Structure formats: C-alpha cells, structure tokens
1. Residues being out of contact with any strand residue (DSSP E or B) (no Cβ under 8 Å at 6 or more places or on another chain) and within 16 Å of the ligand (Cβ to nearest atom): count how many of those fall in segment 172-201.
2. Just need a number here: residues in segment 127-139 that are on the phi < 0 side of the Ramachandran plot and surrounded by 15 or more Cβ atoms within 10 Å (Cβ to Cβ).
3. Can you tell me which residue in segment 101-126 is surrounded by the most Cβ atoms within 10 Å (Cβ to Cβ), limited to those that are away from the ligand (no atom under 12 Å from the Cβ) and closer than 18 Å to residue 212 by Cβ?
4. Among the residues of segment 106-120, are any over 26 Å from residue 178 (Cα atoms), assigned to a loop (DSSP other than H, G, I, E, B) and at pLDDT 95 or above?
5. Identify all residues within segment 79-100 that are more than 16 Å from the ligand (Cβ to nearest atom) and either surrounded by fewer than 18 Cβ atoms within 10 Å (Cβ to Cβ) or not in a loop (DSSP other than H, G, I, E, B) (or both); write none if there are none.
6. Under 8 Å between Cβ atoms, which residue pairs at least 6 apart in sequence (or on different chains) link something in segment 69-97 that is more than 16 Å from residue 232 (Cα to Cα) with a partner that is within 16 Å of the ligand (Cβ to nearest atom) and in a loop (DSSP other than H, G, I, E, B)?
7. Taking segment 13-26 on its own, how many of its residues are buried (at least 18 other Cβ atoms within 10 Å of the Cβ) and within 21 Å of residue 248 (Cα to Cα)?
8. Checking residue 205 against (1) surrounded by fewer than 18 Cβ atoms within 10 Å (Cβ to Cβ); (2) within 11 Å of the ligand (Cβ to nearest atom); (3) more than 25 Å from residue 19 (Cβ to Cβ), which test does it fail?
Ligand code: PEP
C-alpha cells in the first residue's frame with residue numbers, strides 16, 4: 001500500500017568526480033527497480049553532477065538541508081528555491097547530526113519543512129532518540145516531543161506531503177542497528193501520534209523510514225516489518241553495490 005522509499009544520505013562525502021563514478025556503477029544495478037522510490041542526497045557541490053547523471057533514470061536527487069526564505073543575506077546557506085531550481089525533488093530536514101552539531105530544534109524543523117513544501121520539495125523529516133534517552137526509557141517521550149513540536153504544527157495538507165524518518169541516534173554510523181522489534185515499536189508509536197493529530201487515513205498513508213546502520217545484510221529483515229516503509233541510509237549508500245543491494249532488497 002505504501003511504496004517503499006530508499007534514500008541515501010552521503011553526508012560530507014564525495015567530490016563531483018566521485019559522484020559521476022558512483023552513478024556510472026549504480027544506475028545499471030537499479031535500472032529495473034520499480035518497487036521503490038530511489039533517492040540520493042549528496043553534498044551541495046555534487047548536486048549538479050548528480051542531476052546530470054540521474055537525468056532520465058529512476059533515481060531522484062535531494063538536498064541534505066535547506067534554509068527558509070527564497071534568498072537573502074544568510075552566508076553559507078542554501079534555499080529550497082535553489083534546490084528546486086537545480087532539480088532536487090527531496091530534502092532531508094533535522095537529521096540528528098544537524099540537531100546535534102548545529103542546534104536545530106523543533107521551531108526550525110517546522111520552518112524548514114514549510115519552506116521545502118513551498119518550493120515543491122518532499123521533506124524527509126528526521127526524528128529519533130539518543131542513547132541515554134533510550135536507556136532511561138524516554139524514547140516515546142522524545143519522539144512525542146519531536147513530533148508535537150516539529151511536525152504536528154503543519155496543516156493536514158502540508159503533512160500529507162512529507163515523509164518521516166525514524167533514526168535512533170545511537171544507531172547512526174555506529175554499526176548498531178535497532179532490532180526490527182525496536183524499530184517497529186517506534187514506528188507504531190509515531191503512526192499513532194499521526195493518527196491522533198491528522199486522522200487514521202493520514203496515519204495509514206504516511207511513509208515512515210528507518211535509519212541507523214542499514215546494510216545489505218539487515219535490510220530484508222527490517223523491510224519485512226509492516227511498519228517500516230523504507231530506509232534512510234548513510235554509510236552503506238556511499239558504495240554503489242552496497243546501496244544497490246539495499247534498493248534491490250526483495251531480490
Ligand atoms: C544517516 O546518516 O541518516 C544514517 C542512518 O547513517 P548510517 O546508515 O551510516 O547509520
């Protein structure tokens with residue numbers, strides 16, 4: 001019912017030349033994949049190369065961040081308008097590294113999500129608890145706060161156009177994956193929260209991705225969970241064979 005989405009987040013890796021090389025290998029490996037949407041989010045300087053490489057392919061491109069507003073005196077930032085103009089269809093918002101290193105908090109998540117929607121981008125809005133929060137039994141509380149502050153203020157029309165990514169911070173880049181049960185529980189909690197705010201139909205339609213050390217050897221088990229609608233993949237999206245194996249999880 002919900003089409004899976006496999007999104008790669010390259011973080012601060014790859015030059016334009018490395019971007020070309022990645023797509024040369026990756027595209028043929030996923031050319032027949034129609035069971036899921038495929039997105040790569042490279043660093044900004046690689047977007048031009050990524051757009052050229054993915055033209056007329058089944059791979060779409062996204063930004064890793066944006067700033068609200070169309071343009072302005074905001075040194076070092078990139079707007080949704082600019083991402084759209086270069087050809088992006090997607091943008092990651094509130095990745096835990098942005099929350100942790102750049103202090104992004106819920107009011108900014110709302111503004112960024114609204115700005116992305118205004119320019120026709122699909123935001124992938126990240127939520128997730130830190131290790132100490134999980135260990136002290138606060139996972140649901142944290143997810144509720146992030147949902148209530150960063151997502152619930154959207155209108156139903158805006159909400160219908162976003163994707164949520166549940167990324168437990170302790171699983172990102174650590175090789176520790178949430179068990180399928182942990183991921184399912186968190187996704188179910190978020191879906192209930194969505195139902196409470198936006199209704200059952202919106203909850204049923206919402207794609208919730210899992211992110212945190214997704215690899216070719218664990219993707220099948222994760223995707224077998226009814227609640228998991230795709231993956232946001234960091235490290236394993238840098239290698240064309242590895243990300244292709246994740247995209248081609250049903251095979
Ligand atoms: C991420 O960057 O969103 C991520 C989940 O990274 P990794 O797959 O490397 O854990």
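1. Selection size over segment 172-201: 8.
2. The qualifying residues number 7.
3. If we take residues in segment 101-126 being away from the ligand (no atom under 12 Å from the Cβ) and closer than 18 Å to residue 212 by Cβ, then 125 is surrounded by the most Cβ atoms within 10 Å (Cβ to Cβ).
4. Scanning segment 106-120, I find at least one residue that is over 26 Å from residue 178 (Cα atoms), assigned to a loop (DSSP other than H, G, I, E, B) and at pLDDT 95 or above, so the answer is yes.
5. 79, 80, 81, 82, 83, 84, 85, 86, 87, 89
6. Sorted first by the residue in segment 69-97, then by its partner, the pairs are 78/65.
7. Number of matching residues: 4.
8. Against the list (1) surrounded by fewer than 18 Cβ atoms within 10 Å (Cβ to Cβ); (2) within 11 Å of the ligand (Cβ to nearest atom); (3) more than 25 Å from residue 19 (Cβ to Cβ), residue 205 comes up short only on (2).
The values are calculated or read from the model by the stated rules, or taken from the named source; none is laboratory data. Computed from a prediction, not measured in an experiment: that's the story for all the values here. Don't worry about glycine lacking a Cβ; one is built from the backbone with ideal geometry, like all the others, and counts go over all protein chains shown.
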